[in-house]
Amino acid sequence: MTYQTSIADFRRTIDGAGAPWNAIDAESAARMKLQNRFPTGLDIARYTAKIMRADMAAYDADPAAYTQSLGCWHGFIGQQKLIAIKKHFGTTKSRYLYLSGWMIAALRSEFGPLPDQSMHEKTSVPALIEELYTFLRQADARELGGLFRELDKARESGNEVEAKRIQGLIDNHETHVVPIIADIDAGFGNPEATYLLAKKMIEAGACAIQIENQVSDEKQCGHQDGKVTVPHEDFLQKIRAIRYAFLELGVEDGVIVARTDSLGAGLTKQIAFSKEPGDLGDQYNAFLDCDEVDASEIGNGDVLITRNGKLLRPKRLPSNLYQFRPGTGEDRCVLDCITSLQNGADLLWIETEKPHIGQIGGMVDRIREVIPNAKLVYNNSPSFNWTLNFRQQVFDAWEAEGKDVSTYDRAKLMSIDYDGTELADEADERIRTFQRDSAAQAGIFHHLITLPTYHTAALSTDNLAKRYFGDEGMLGYVKQVQREEIRQGIACVKHQNMAGSDIGDDHKEYFAGEAALKAGGEHNTMNQFAAA
């Protein structure tokens, strides 16, 4: 529906209501409707799910068409990312947002900062989804409001050509609302609890839900030790629960991201149920670290299994957890991924200990022998020391090629002393092209950074505090922040506008006409930034 047809529709409605609606202006109503394109979270989920499905199909056709996102912990942060994307790239295509469970635990819990162990309030997850979309919708309203003001100016000056141009921009406005991949951790309980929380997340707008195969009450951050996985059937029940939630709410295109933490998880809480040799439970149990026992050696409280006709005692720790055989992590990851895709998941997430294309690609090749179109979401995590990892990868590659690396100390490659060297430059180039290269070579459809603004906020705040509370005083803020905002065209320099002041003025005019008491008048100090 175009801007003019929307006005015409409202005009008919208003005229039909008669004299009591005489003060209602059809164009003002049309503007408000355009500024609120997505009335509910389900409207957002359905719209963004279709975007993800189209992007997944585009990636299948061309691995260069991978997608990206950055993690968020506040609606304002998400809004600024999308405003920046539109400003610098002109479109939001292939750019999403990621909602990180780590960020919620560390920054949004009423208990204060918590480790990433599913101890935060699970209702904070859908609450953040709703908050993110509230800010993105306001970014739409703000941008459209600016276009409406330009349209009014063009009309007032009698410039019909300019008015028509601006109306075209209104009709073809690209929303800031993009897909959010939302972290449901390990489901916060049993499959019913997972289903109920998934519904809340979808109702808030989530079109993609990421769930991991850890035990809910033993959940750990993917890059820490002590991870405990569950048997496949337990995990698949939660995948099914999420799919039912999507279908119940009419989001048929909803996307499920199945994450495996098996690469770094050496423990399980349960021995899987198995009916016959070779079934999924038996395959899971085959990875258990066991000792062969004689029937006469069975001790008090022993748990025993049979494998290939042998009586085995799985190694059980004092924590009552069972351990897997060392070196089985990749095999378990591959089995996790295949079974997840065969049972309703759409995308995979393999949590690794380092960003290594060869390692990731090797597992994806094995998965694709069974599921040819398998695709990954990959965490470009700040938990990795990217500089050290890639310098060591270059060192190892050069050494294998017979190149002289005697001037480098592999254990100390993070040192600033190596900055600017040939090895460091090669490592930086590999970091720069990592997303592109791994999309082509390792099946990675979506690249995300879980905690970017956590780290950028810490770094920028540290620098500001050092300058402001030091000798620079107010110049520490003006020079490093405000002056750069003005010169780089950062919208937030007009923070009243970003908070909705101009939108509020428009509404006052719609509601009160000439009696409107507007904030954006002559004495508004934001006018000092008009030239910015």
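What follows draws every value from the coordinates through simple rules; no lab data is involved. The model shown is predicted, which means the values in this text are computed figures rather than measured ones. Glycine also receives a Cβ, built like all others from the backbone with ideal geometry; neighbour counts cover every protein chain displayed.
If the limit is 23 Å between Cα atoms, which of Lys269/Lys315; Lys466/Lys494; Lys200/Lys227; Lys238/Lys269 go over it? Check vs 23 Å cut-off fails for Lys466/Lys494; Lys200/Lys227. Available extension along the chain between His455 and Cys492 is 11.3 nm, counting 0.36 nm per residue and deducting the alpha carbon span. Placing R0 at 45 angstrom, the Cβ-Cβ distance between Asp289 and Arg436 gives a FRET efficiency of 0.70 after rounding to 0.05. Axis angle, to the nearest 10 degrees, between helix 329-342 and the longest C-alpha principal axis of the chain: 60 degrees. What do you get for the angle between helix 452-468 and the principal long axis of the chain? Use alpha-carbon atoms, 0 to 90 degrees, nearest ten. Helix 452-468 and the main axis of the chain meet at about 60 degrees.
Show log10 I(q)/I(0) for the range 305-423 at q = 0.11, 0.13, 0.16, 0.17 Å⁻¹, two decimals, from a solvent-free Debye sum over equal Cα scatterers. The Debye formula, applied to the Cα set alone, gives -0.61, -0.78, -0.95, -0.99.
Projecting the Cα positions of Thr450, Phe111, Phe89 onto the charge dipole of the chain (unit charges on Cβ atoms of Lys, Arg, Asp and Glu, taken about the Cα centre) puts Phe89 furthest along the positive direction.
Helix 386-400 and the longest principal axis of the Cα set of the chain meet at an angle near 50°. From its DSSP helices (H runs of at least four residues, each -39,500 (n - 2.57)), the chain gives a residue-normalised ellipticity at 222 nm of -15000 deg cm²/dmol. Ranked from largest, the principal axis spans of the Cα set of the range 391-489 equal 55, 37, 23 Å. Between Phe111 and Lys93, the simple label model (points 7 Å from Cα in the Cβ direction) yields a spacing of 4.5 nm.
For the listed peptides 98-106, 33-41, a ranking on the average number of other beta carbons within 10 Å per residue, highest first, reads 98-106, 33-41.
Radius of gyration over Kirkwood radius for the range 344-392, both on Cα atoms: the Rg/Rh ratio is 1.03.
Computed from the Cβ-Cβ distance with R0 of 51 Å, the FRET efficiency linking Leu464 to Ala411 stands at 0.90. A cut-off under 15 angstrom between Cβ atoms defines the neighbours of Arg432, and their net charge, with Lys, Arg +1 and Asp, Glu -1, is -2.
Kirkwood hydrodynamic radius computed over the chain comes to 26.5 Å, based on all pairs of distinct alpha carbons. Among residues other than Leu267 with Cβ under 9 Å from its Cβ, the summed charge is +1 (Lys and Arg +1, Asp and Glu -1).
DSSP loop trypsin sites (Lys or Arg not before Pro) in the range 72-141 with at most 16 other Cβ atoms within 10 Å of their Cβ, which ones?
Loop-located and lightly packed - Lys93.
Qualifying chymotrypsin sites (Phe, Trp or Tyr not before Pro) in the range 416-495, where qualification requires a DSSP coil assignment and no more than 14 other C-beta atoms within 10 Å, comprise Phe469.
Going by how many other Cβ atoms sit within 10 Å of their own, how do Trp21, Trp398 line up, fewest first?
In order of increasing Cβ crowding within 10 Å: Trp21, Trp398.
Sorting the Cα pairs of the range 474-532 by distance into bins of 5 Å, from 0 upward, gives 4, 17, 22, 20, 15, 10, 6, 4, 2 percent per bin. Once the Cα-Cα distance is subtracted from the 0.36 nm per residue extended length, the Leu169 to Val370 segment shows a gain of 67.7 nm. Does the range 1-90 classify as rounded, prolate or oblate by the C-alpha gyration tensor (a ≥ b ≥ c root eigenvalues; a/c under 1.5 gives rounded; else a/b over b/c gives prolate, otherwise oblate)? Taking the square roots of the gyration eigenvalues as a ≥ b ≥ c, the range 1-90 is prolate. What number comes out for the charge environment of Gly473, summing +1 per Lys or Arg and -1 per Asp or Glu over other residues with Cβ under 13 Å away? Taking every Cβ under 13 Å from that of Gly473, the sum is +1.
Among the listed pairs Lys93/Lys354; Lys81/Lys479; Lys199/Lys508; Lys87/Lys153, a Cα-Cα separation exceeding 31 Å is found for Lys199/Lys508.
Of the GluC sites (Glu not before Pro) found in the range 275-376, those that fall in a DSSP loop while having at most 13 other beta-carbon atoms within 10 Å are Glu369.
For the range 259-280 versus the range 446-469, the inter-centroid distance based on Cα atoms is 39 Å. Each of Leu341, Leu136 has some number of other Cβ atoms within 10 Å of its Cβ, and from fewest to most they run Leu341, Leu136.
R0 = 51 Å: FRET efficiency of Gln482 with Ala17, Cβ-based, nearest 0.05? It comes out at approximately 0.55. Amide H contacts for Val255 (H built 1.01 Å from N in the peptide plane; partners 5 or more residues away or on another chain; cut-off under 5 Å): Ala208, Ile209. Cβ-to-Cβ counts within 10 Å put Ser118, Ser296 in ascending order as Ser296, Ser118, the fewest first.
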